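Let me begin by presenting the structure, written as C-alpha cells, before commenting on it.
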Amino acid sequence: MLLPCVVIFALFIVWPLGKSVSLSLHGSDLFGRPDAFVGLQHYRDMLGSAEFRHILWVTFAFVLLTVIPGVLGGLAIVLLLEQHIRGIRIFRTAFALPFAFSVASASVIFATIYNPAIGLANGLLGRFGVDRIGWLTDPEWALISVSITTVWMSIGYNVLVLSAGIGAIPTEINEAATLDGAGGWRAARFITVPMLGPQLFFLIVISTIQSLQGFGQIKILTPEGGPEQSTKTLVYSIYHTAFANNASDFGAASAQAIVLLVILLACTAIQFGVLERRVHYK
Amino acid sequence: MRSVRQRRTATAATLLAVVALVAAGCGGGDSSGDTASGGQDAPGADALDKATGVTKVTFWHGMKGANGEAVDKLVKAFNAEHTGKIEVTAVYQGDYDETITKYKTSVQQGNTPSVVQIYDIGSRFMIDSKQTVPVQSFADKDGYTLDSIEPNIANYYSIDGKLNSMPFNTSMPLLYINKEAFVKAGLDPAKPPTNLDEIMEAAKKLTIKQGGKTVQYGFNAAIYGWFMEQLIAQSGTTYCDNENGRKDLATQVNFADEQGVKVATWYQQMVKLGYMPNTGKKTDDAQAVFKSGTSAMHLESTGALRGYLDAAKGKFTVLTAPFPKITASDTGGPIIGGASLWVDGPGHSDAEKRASWEFVKFASSPAQQAAWHTGTGYFPINSKALDLPEDKAWVAQYPQFTTAITQLHNTKPSNASSGCILGVMPQSRKASEDGLEKAVLGTDPTQAMKAAADSIKPQIDQYNKTVKK
C-alpha cells in the first residue's frame, strides 16, 4: 500500500520542490524560461538587499498580527458562547459565518468599508469626532487593516474547531470542578483551556502556516504591496517577482519560495518542539 | 497520553503537510518550448484560398462584462460572414496582466493562440518576443490601406512608420466634472480648468468643510502611473530616452525630471491642502468617490464614462473636459493607448495566419468599430466609424463623448504623444506610482521620483540585456 503513496509524494512534492530549487539557481529569459546557470546569485542578491529584510519583517509582523488575535479572539468567543443564554445557537452560527466567505468577496467588502473618503469605517469614526484614517493608504495602518480582515476571516474557523473541542470535554470533569467550587473564570482558566490544548495547538500551527501563505486579501486590499511596501509579505513578493506587471523572474521568485519553505519548516518545528510539550492529549 | 512514537509520527506527518502546502505553490514552467524563428513573414492570400475545410482561429482577449459581450458579438458576426471557411473562437483570459502572463506560458509551451489582445504597455515585449507577424506586412502584401486607422492611435503601435499590431480598443484620459458642484461654488462648468494650477485653484473653491470635516472634495484621482505618463506627454516631453524608445531600446525613464517632479509636487500639495483625499493606487476606490458625488473634479479614462453616467443618474450631472496640461504653456497632447491585436506567426500554418489577418481586418472595420464604440464606450480606432449613422446617434445621446473625439483630433502626432515603448513598461508604471505615493505621504517629491526612477533602472538594463543576447 505504500507504493502509490510514494509515487504521489514524489510526483507532486519532491519533483516540484526539486524544480523550484533548480529554477532558483538559474536566470530567466523573456518568457520566464530558465537560461544561464547563476549558482547562488539569487540568494546572495536577496539576502543582501534591504528590501528583502523589510519583506521578512512585514511577513513576521503579519503573522503576529493575525495568529495571536485570531486564536485568542476565537477562544474568547467560544468561552462566551459557553454561557447558557437564550438564542445561543444563533450567536454560534453568526460567529462561525465568516468561515463561509471567500477571501475575494470578504476583501472586496472590506475595501469598501476602508475607503478613506466614503467608507463605513471613517463614517462611524466621524460620528465620534475622530479624524479620518487612511486605512489602506497610510503605511502605518495598511498592515493592521489587512490583518483585521484576515482575523475576521479566520476567526469563524477557529470558533468552529474550538466549539467542537469544548463539546468533547467530558461533562464529569466540569461537574467535578463545580462541586469543588470552581466556577466561571476559574473553570475556564484551569479546566476548559487546558482541555482545549490539542485544538489550540492545531490552530496555532495551521494559522501560522496560513498567515505565512496569506495572499488574496493582501493583493485585493493593497495592490503592489501597499503604501511604501508596508504590506509586502514574502508570498506577495514571490507573486510580484514571478508574475505581476509582466515580470517573469522565476529564478529570483523560486529562491524566495525556497526561503519561505525554510521559514515555514522552522516555524513548525519550533512550535512542535516548544508548544507541543505543553499540550495535554486525552 | 500518547506515546512518543505516535507523537513523532504526527510531527513528521505535519511537517510533510507543510512541505506539500508550500511546494504546491512553487511549480515551475516547462523549459521545452518552441522558439522556431522565422514564421514572422506574412503569407500571400492564396494560402487561405487553397486551404480546405474550416480554418480555426483562437482569439485570446482580456475583456469582461459589457466589453466581453461586445467581443462575443464581434466574433459571431465574423463567423457568420465566413461560415464554412473560418471559425474564430474567443477565449477570455482574465485582465490584461493575466492575458499577457498566460500568453507567455503559451510561448513556453509552443502553443500560442492565433490572435491575442495585449495592452499598449506590453507592445515592446510583444515585439521582442518575436512571435508575431506585423500587420503592416499583411497590408503591404495585399496592397491594403491602413489609412483609415486614426493616425494618433496607429502611431502608438508603429515603429518607423510600420504598424506592428492592429489597434483595437482605445481609451483616453479625461477631466470629469460634477456640474452642480461647479454651479454651487459659483464656477462656470463651461470653462473647466485646463492645467494643474487651475485645478488647484478651482479645487480650493470646490472643497466644502462642515465642522472641520470635509463633506465635498474639490478634486480626486487615483495614484495612477497612467496619469503621470499622460501629463508628461501633455507637456510635449518624452517619458523615456531614445525618443520614447522608438529610435532604439530605451535605457532610462524620465519621470524624475522637471515634469514628473512637478506632477508629484502637485499631488502632494493637493492632498496636504485637503482638496483631494488620498485613496491610494486602486482606481476603483477613486472612482467610488466621484460616483458618490463626494468629489467635484476627477481624472479617469473615457472607458469610465458610461458607468459614471449611470451612477450619477438623478444625483448630479457628469460633464467631461479635456485632460489637463501641467502648465498653461504646454504644447503636447495625451497618449492614445488601450490594447491592440497581435497575429501570431511561428507555429501556425499559413492558412491560419491569413485567417487571423482577415479577423483582425474585420475587427478594425468601420462598421465593427462603430458597434464596438457604442457597445463599450471605447474610442473607435477607425476614423470612418464616426461617420456611420448609428455612431452619430450614440454621440448625440452622450455629448460628453465629443470631448474625447476633439481631444484626439487636436493632438499632433509626435514621439512624445506616441508614448514610451519600453520592455518593462508595466513595472515602470508601478514604479512611478511608488514615487507619487511617497510624495503624497510626505517625502520630498524630487527625492521620491528619483528613487522611483532609480528602482526601475536595473530592470530596464536586465530586460535590454536579455533581448540583445
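Among the residues here, B:ALA367 qualifies as under 30 Å from B:ALA51 (Cβ atoms), over 20 Å from the mean Cα position of the chain (by Cα) and either surrounded by fewer than 18 Cβ atoms within 10 Å (Cβ to Cβ) or β-branched (Val, Ile, Thr) (or both). Inspect the range A:1-23 for any residue being more than 11 Å from chain B (Cβ to nearest Cβ), surrounded by 13 or more Cβ atoms within 10 Å (Cβ to Cβ) and not basic (Lys, Arg) and give the result as yes or no. Among the residues of the range A:1-23, not one is more than 11 Å from chain B (Cβ to nearest Cβ), surrounded by 13 or more Cβ atoms within 10 Å (Cβ to Cβ) and not basic (Lys, Arg), which makes the answer no. Out of all the residues in the range B:85-105, is one or more touching a residue at least 40 places away in the same chain (Cβ under 8 Å), away from every other protein chain (no Cβ under 14 Å) and closer than 19 Å to B:HIS61 by Cα? Looking through the range B:85-105, at least one residue is touching a residue at least 40 places away in the same chain (Cβ under 8 Å), away from every other protein chain (no Cβ under 14 Å) and closer than 19 Å to B:HIS61 by Cα. So for the range A:138-151 (the condition being surrounded by 16 or more Cβ atoms within 10 Å (Cβ to Cβ), at pLDDT 90 or above and not in a helix (DSSP H, G or I)), does at least one residue qualify? Yes, the range A:138-151 contains a residue that is surrounded by 16 or more Cβ atoms within 10 Å (Cβ to Cβ), at pLDDT 90 or above and not in a helix (DSSP H, G or I).
Residues that are modelled with pLDDT of 90 or more and not β-branched (Val, Ile, Thr) number at least 1 in the following helices (runs of 4 or more DSSP H) confined to the range A:5-124: A:15-24, A:41-48, A:50-81, A:103-114.
Considering only residues in the range B:180-215 that are among the acidic types (Asp, Glu) and without any contact (Cβ under 8 Å) to a residue 60 or more places away in the chain, the one that is surrounded by the fewest Cβ atoms within 10 Å (Cβ to Cβ) turns out to be B:ASP188. Annotation: of all residues in the range A:157-168 being over 17 Å from the mean Cα position of the chain (by Cα) and modelled with pLDDT of 85 or more, the one that is farthest from A:GLN210 (Cα to Cα) is A:ILE166.
Here's a check for you: in the range B:424-448, which residue that is within 8 Å of chain A (Cβ to nearest Cβ) and in a loop (DSSP other than H, G, I, E, B) is nearest to B:GLY333 (Cα to Cα)? That would be B:VAL424. One residue stands out in the range A:243-252 among those that are part of a helix (DSSP H, G or I) and touching a residue at least 24 places away in the same chain (Cβ under 8 Å): the one that is nearest to the other protein chains (Cβ to nearest Cβ), namely A:PHE250.
With respect to the stated conditions, A:ARG92 fails to be buried (at least 16 other Cβ atoms within 10 Å of the Cβ), within 30 Å of A:GLU228 (Cα to Cα) and not aliphatic (A, V, I, L, M).
In the set B:ILE149, B:ILE118, B:ILE177, only one residue is more than 12 Å from chain A (Cβ to nearest Cβ), crowded, with 22+ Cβ neighbours inside 10 Å and at pLDDT 95 or above; that residue is B:ILE177.
Of the conditions (1) under 21 Å from the mean Cα position of the chain (by Cα); (2) within 13 Å of chain B (Cβ to nearest Cβ), A:ARG53 fails just one. Which one is it? Every listed condition holds for A:ARG53 apart from (2).
The rows are residues; the columns are (1) within 19 Å of B:ALA431 (Cα to Cα); (2) surrounded by 24 or more Cβ atoms within 10 Å (Cβ to Cβ); (3) without any contact (Cβ under 8 Å) to a residue 60 or more places away in the chain.
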| position | (1), (2), (3) |
| --- | --- |
| B:GLN252 | yes, no, no |
| B:PHE255 | yes, yes, no |
| B:GLY274 | no, no, no |
| B:PRO277 | no, yes, no |
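In the set B:SER414, B:SER383, B:SER455, B:SER432, only one residue is within 23 Å of the chain's Cα centre (by Cα) and free of Cβ contacts under 8 Å to residues at least 60 places away in the same chain; that residue is B:SER455. When B:ALA90 is tested against (1) at pLDDT 95 or above; (2) under 22 Å from B:ALA45 (Cβ atoms), only condition (2) is not met.
Going by the conditions given, is B:PHE290 within 18 Å of A:THR137 (Cα to Cα) and among the aromatic types (Phe, Trp, Tyr)? So B:PHE290 passes the test. Just one of (1) closer than 30 Å to A:PRO170 by Cα; (2) facing another protein chain (nearest Cβ under 10 Å) fails for A:ILE258. It is (1).
Condition check ((1) away from chain A (no Cβ under 14 Å); (2) more than 21 Å from B:ILE460 (Cα to Cα); (3) at pLDDT below 95) across all residues:
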site	(1), (2), (3)
B:ILE223	no, yes, no
B:MET228	yes, no, no
B:GLY245	yes, no, yes
B:TYR267	no, yes, no
B:LEU305	yes, yes, yes
B:LYS315	no, yes, yes
B:GLY332	yes, yes, yes
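Within the range A:204-225, is even one residue in a loop (DSSP other than H, G, I, E, B), closer than 26 Å to B:LEU436 by Cβ, among the charged types (D, E, K, R) and within 9 Å of chain B (Cβ to nearest Cβ)? No, there is no match, as no residue in the range A:204-225 is in a loop (DSSP other than H, G, I, E, B), closer than 26 Å to B:LEU436 by Cβ, among the charged types (D, E, K, R) and within 9 Å of chain B (Cβ to nearest Cβ).
The values are calculated or read from the model by the stated rules, or taken from the named source; none is laboratory data. Remember, predicted model here, so these are calculated numbers, not experimental data. Quick reminder, even Gly has a Cβ in these numbers, built from the backbone with ideal geometry, and neighbours come from all protein chains shown.
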